[in-house]
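**Student:** This is the structure I have questions about; it appears just below.
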Amino acid sequence: MIDAKTFALYETQLLDTARSLYKLDGHTLTALEGHEGGWNRLYRCDREGITCCMLRVALREDRGREAYLAETDFIRYLCDAGADVANVFASINGNLTEPVRCGAVECHLALFERAKGMQLAENGYRYRDGVPLPVFFHDCGKTLGRIHRLSRDYRSTHRRWDFFDQFNAATIERTIPASLSRLQERLLILVDELATLPRDPSVYGLLHFDFNDGNFHIDYETGRLTVFDFDNTCTGWYMFDLASLWLSGMGWTQFEPDAGKRHAFMDAYFVSVLEGYRSEMDVDESLLAQLPLFIQANLMESVMDAFDGMRQNGEEPVCDDEMAYRIRCLEDNVPYNGFFHEMYSVDAPFTAEEREL
């Protein structure tokens with residue numbers, strides 16, 4: 001990944017190039033604060049005080065143009081087919097992604113539609129006035145189900161990486177610090193378990209791979225959800241995204257001290273999610289029974305992505321209290337992100353004592 005100092009040297013030149021490629025003269029480009037561990041630079045593009053689009057500058061050196069073409073082509077296909085996703089705009093050259101130089105490194109530009117509405121967090125985690133929460137849960141499932149149904153019929157001319165390109169013995173050894181040998185062992189077992197699952201096109205295809213309320217906007221007038229940030233999209237089990245959505249539901253009841261009540265809420269929550277999902281896409285019952293395994297796969301992705309980011313940035317690996325929690329769930333094979341386990345604390349949700357590496 002390009003370091004901040006190097007990027008700053010070329011930022012003005014790069015943005016001028018973007019203005020030319022996407023006819024953004026007259027727009028104000030404002031950098032957005034990136035989330036921790038983010039790989040990209042995002043810019044809000046405003047014209048006459050209205051945000052009309054979002055410019056992404058992808059800085060990862062380990063992803064080539066083919067990967068970005070695969071992502072943007074998939075997004076365009078989904079939009080054309082009627083999925084509720086933020087569209088991607090072509091440049092003046094007719095390209096959905098544009099390579100540009102940032103010093104000695106190649107960056108990749110893409111311009112996206114600004115999704116209508118706002119994130120839940122921007123509205124204080126309040127849903128639409130007078131509309132029951134199960135309606136929102138149902139709509140989350142329905143939106144994801146439509147993406148998966150369309151993905152099932154999608155045939156790409158560009159290759160995006162596969163789940164096992166990212167998660168295998170070599171990447172685990174390279175990414176996880178040697179001091180966490182127990183974690184390495186558990187991840188190898190987890191990957192071996194996943195490798196036994198079916199991978200036919202009805203259950204395995206291009207998926208979002210980061211489906212949560214931080215990656216869609218809600219139109220508070222209509223309730224429509226618009227999904228964005230397909231940066232992590234890869235080929236994998238559709239159940240991985242459903243497990244991500246299960247994990248997103250925990251926030252609604254994370255401060256409930258009674259584990260039984262948390263369990264009952266999550267059961268009801270996921271019933272609503274699946275009702276919405278099944279209105280668009282079938283669910284393989286044998287894989288649905290493997291929900292705990294796919295939740296563990298989500299935790300693996302989170303932990304490995306964090307350590308990989310530290311490695312690529314040349315940082316010493318650290319393990320804060322949130323990372324320690326996820327690692328303990330993986331090492332001890334605690335199901336459901338420890339949400340119903342004695343390790344969980346409502347006073348400090350999803351945290352454990354920090355670990356020395």
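**Student:** Whenever you get a sec, line up 351, 222, 196, 72 from highest to lowest accessible area (probe 1.4 Å, protein heavy atoms).
**Tutor:** 196, 222, 351, 72
**Student:** Here are a few candidate values for percent of Cα pairs over 39 Å apart: [x] 14; [y] 23; [z] 17. Which one was actually calculated from the structure I just gave you?
**Tutor:** [x]
**Student:** Moving on to the next point. Rounded to the nearest 0.05, what FRET efficiency do residue 322 and residue 16 have when you use their Cβ-Cβ distance and R0 = 51 Å?
**Tutor:** 0.85
**Student:** Taking R0 as 51 Å, what's the FRET efficiency between residue 29 and residue 342 from their Cβ-Cβ distance, rounded to 0.05?
**Tutor:** 0.55
**Student:** Take the alpha carbon atoms of region 226-246, find their center, do the same for region 96-112, and report the distance between the two centers in whole angstrom.
**Tutor:** Each part's Cα centre sits 24 Å from the other's.
**Student:** Right, here's the next one. Would region 218-310 count as rounded, prolate or oblate if I go by the C-alpha gyration tensor, calling it rounded below 1.5 in a/c and otherwise prolate when a/b exceeds b/c, oblate otherwise?
**Tutor:** It is rounded, given that a/c, with a ≥ b ≥ c, falls under 1.5.
**Student:** Going by the alpha-carbon gyration tensor, a ≥ b ≥ c the square roots of its eigenvalues, is region 157-245 rounded (a/c under 1.5) or, if a/c is not under 1.5, prolate (a/b greater than b/c) versus oblate?
**Tutor:** Prolate, because a/c is 1.5 or more and a/b exceeds b/c.
**Student:** At 1.4 Å probe size, what's the solvent-accessible area of residue 202? Round to the nearest 10 Å².
**Tutor:** In the full protein context, residue 202 sits at about 60 Å².
**Student:** Sort 318, 203 by accessible area with a 1.4 Å probe, largest first.
**Tutor:** Largest accessible area first, the list is 318, 203.
**Student:** Would you please name the GluC sites (Glu not before Pro) within region 151-242 that are DSSP coil residues with at most 11 other C-beta atoms within 10 Å of their C-beta?
**Tutor:** Within region 151-242, the qualifying GluC sites (Glu not before Pro) (loop, at most 11 other Cβ atoms within 10 Å) are 221.
**Student:** Among 97, 157, 235, what's the order by accessible area (1.4 angstrom probe), most exposed first?
**Tutor:** Order by accessible area, largest first: 157, 235, 97.
**Student:** OK, next. Rounded to the nearest 0.05, what FRET efficiency is calculated for residue 189 and residue 101 with R0 set to 35 Å and r the Cβ-Cβ distance?
**Tutor:** Values: r = 43 Å, r/R0 = 1.24.
FRET efficiency, residue 189 to residue 101: 0.20.
**Student:** Quickly estimate the mean residue ellipticity at 222 nm for the chain, helices only: each DSSP H run with n ≥ 4 gives -39500 (n - 2.57), and the total goes over all residues, rounded to 500.
**Tutor:** Values: 11 runs with 149 residues, N = 357.
-13500 deg cm²/dmol, from helical runs alone.
**Student:** Show me, for region 212-222, the HN-Hα J-couplings you get by feeding each phi into the Karplus relation (A = 6.51, B = -1.76, C = 1.60, θ = phi - 60°), rounded to Hz, glycine and proline as x.
**Tutor:** 7, 5, x, 10, 8, 9, 10, 7, 6, 8, 10
The values are calculated or read from the model by the stated rules, or taken from the named source; none is laboratory data. Just so you know, these numbers come straight off a predicted model, no measurement behind them. Positions of Cβ are backbone-derived with ideal geometry, glycine not excepted, and every protein chain shown enters the neighbour counts. Note: areas computed on protein heavy atoms with side chains; ligands, DNA, RNA excluded. Shrake-Rupley method; radii C 1.70, N 1.55, O 1.52, S 1.80 Å.
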